[in-house]
Amino acid sequence: MTTIALIAYDHCLSSSISLPMEMLNAAADANRVLNNTDTPPPKIYGSNRKIHCAGGLTILTDSHPRTIETPDLVILPAIWRNPLTVIRQQRFLLELLKKWHDQGAMLCAVGTSSCFFAEAGLLNKRPATTHWAHFDAFQKRYPTVQLQKDFLITRSQNIYCAGSVNSVADLIIYFIGNLYGADIASRVEANFSPEIRQSYAKSMFNEGETSRHSDEDIVRLQHWLNENFSQKITSENMAKMLGISVRTLNRRFNVATRQTPQHYLRKIRLEHAKELLKETNLSVAEIAEQAGLNDSSHFSSTFKRFMSVSPSDYREAVKSKIFS
């Protein structure tokens, strides 16, 4: 059973609760339809039944955070103005955060709620980010934290910080991929502002990361696929390149990346196709060819299967929102 908890407190920004809530509920719905799996929806927890958010909105909570036992994902919303005032009122959360961290839960802070992690001692000598307007105060109060001013998202083990409400949307797609799989993440992404999203990996500082894994052969293959995805590539081609069997290729690639080599290749091609649809006036057939899918009919059906919209509809939605 997947347990997703959003922690609400007075003076939080409701948008940093509502947007993740909508995206995570969409993922749970897709999981129910596609995989016939009944997934518990995310819940909002707070020390009071009614939470008075910044901007005058009120949120009703489901239960107290102390009732959360072993969460998979915990999200702390952004705090309006001085975060220390809220933290003093919610100090009980510091021990809970340390417990959930030790249990291996993914912990996510939006904006200045990263101060909760710092106050709990979870960010000592670790990278983090916060809202840009609070950089100086954050660095002064938490000098041992490695503040990453050039990154919108940071990751240190299972602790994630998003600098703003906008950047948390990128991170939620990543969490959905972890919890429900890449296909469902793609479907949710297609329905939540694809024209402004970037892959979380492009804007994330990932502690200690030089590559995603240590299998040098698979790293070499990944680099080759990123450079040659437009060619006709089969599993046999990839296995021959590494001097191993297709079965061994699939096993090692899955261990290293949690996906098959064909799935990895398809993601590269679809991402390239999305960029071309967004930024060029090439025809769908031309984009299919450049993405390595020479059959435009196959490309269109594949694109629609994983993005929930056709290439033409995606282009129209993206360009109308960018240029209107």
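No value in this document is a laboratory result; all are computed from the given coordinates. As the structure is a computational prediction, the values presented were derived from the model and not from experiment. With ideal geometry, Cβ positions are generated from the backbone for all residues, glycine too; neighbour counts draw on all protein chains shown.
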- prompt: What 222 nm value per residue comes from the helices of the chain, counting each DSSP H run with n ≥ 4 as -39,500 (n - 2.57) and dividing by all residues, nearest 500 deg cm²/dmol?
  reply: -15500 deg cm²/dmol
task: Could you calculate the contour length gain from residue 247 to residue 34, that is, 0.36 nm times the residue separation minus the distance between their Cα atoms, to one decimal place in nm?
output: 74.0 nm
message: Tell me the Rg and the Dmax, in Å, that the Cα atoms of the chain produce.
response: 21.2, 63
message: Compute the angle between helix 182-191 and the longest alpha-carbon principal axis of the chain, please, reported from 0 to 90 degrees and rounded to the nearest 10.
response: 70
- prompt: With a 10 Å Cβ neighbour count serving as the proxy for reagent exposure, in which order, fewest first, do 272, 298 appear?
  reply: 298, 272
query: Where the centroid of each part is defined by its Cα atoms, how far is segment 216-235 from segment 122-195 in Å?
result: 29
- line: Taking the dipole of segment 216-323 about the Cα centre (Lys, Arg +1; Asp, Glu -1; charges at Cβ), the one of 224, 262, 287 that reaches farthest to the positive side is 262
Least to most buried among 33, 188 (fewest other Cβ within 10 Å first): 33, 188
field: Separation between Cα centres of segment 50-65 and segment 255-269, rounded to whole Å
entry: 41
- request: Can you tell me the 0 to 90 degree angle between the C-alpha axis of helix 92-103 and the longest principal axis of the chain, rounded to 10?
  value: 30
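With a Förster radius of 45 Å, plug the Cβ-Cβ distance of residue 296 and residue 150 into 1/(1 + (r/R0)^6) and report the FRET value to the nearest 0.05. Present the calculation step by step, with values, prior to reporting the outcome.
Details: r = 40 Å, r/R0 = 0.89.
After rounding to 0.05, the efficiency reads 0.65.
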statement: Between the Cα axis of helix 261-279 and the main Cα principal axis of the chain, the angle (0 to 90°, nearest 10) is 80
message: For a quick check: sort 43, 232, 274 by the number of other beta carbons within 10 angstrom, fewest at the front.
response: 232, 43, 274
field: Spacing of the two label points (7 Å from each Cα toward its C-beta) at residue 63 and residue 305, in nm
entry: 3.9
- request: Report the full-extension gain for the segment residue 125 to residue 289: residue separation times 0.36 nm, less the Cα-Cα distance, to one decimal in nm.
  value: 54.3 nm
